[in-house]
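Just so you know, all these numbers are worked out from the coordinates, no wet-lab data involved. Remember, it's a predicted structure, so these values are computed and weren't measured experimentally. Every residue, glycine as well, gets a Cβ built from its backbone with ideal geometry; the counts of neighbours run over all protein chains shown.
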Amino acid sequence: MIDRVAAPAAALPERKGEMMKLKWTMNGVTFNRSNYRPVIARFDNTTCWLSLAACTTTSGFRAAVRELATAYGAKPVELKYFYDDDNQTETNVVDFMKLYSEELDKSYFIFRNGKPLEVEMLRKPSII
């Protein structure tokens, strides 16, 4: 069973005219043409990592993460490959997707994981 949390665009802060500068930590991720290696990201040293629930290039993933980070007001964004050779690098990973509702005429993000997830987890700092 997959638990889902939807964050409607209405709940996202308006950022018109205000371009935020994101600080990227790349950890060796490259954006070469046709690079389809799975990448994960996290914002502001959060406890969970985010992955896109679709097969995409690293450049496409970066664009999706940029949009999500801007919508949630994150400034530092850390990227890394999901697999290092054959080993999975992280276990606390949440998939996200951006969907569009014709009824509401708005876009919104959904997050899914095998465990219940609160949207606040995206902004919760990790404890070291």
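What ranking do R112, R62 get, fewest neighbouring Cβ atoms within 10 angstrom at the top?
With the sparsest Cβ surroundings first, the list reads R112, R62.
Can you list the residues, at least 5 places off or on another chain, whose amide H is less than 5 Å from the amide H of L50, using H built in the peptide plane?
Excluding prolines and chain starts, which carry no amide H, the hits are A41, R42, V94.
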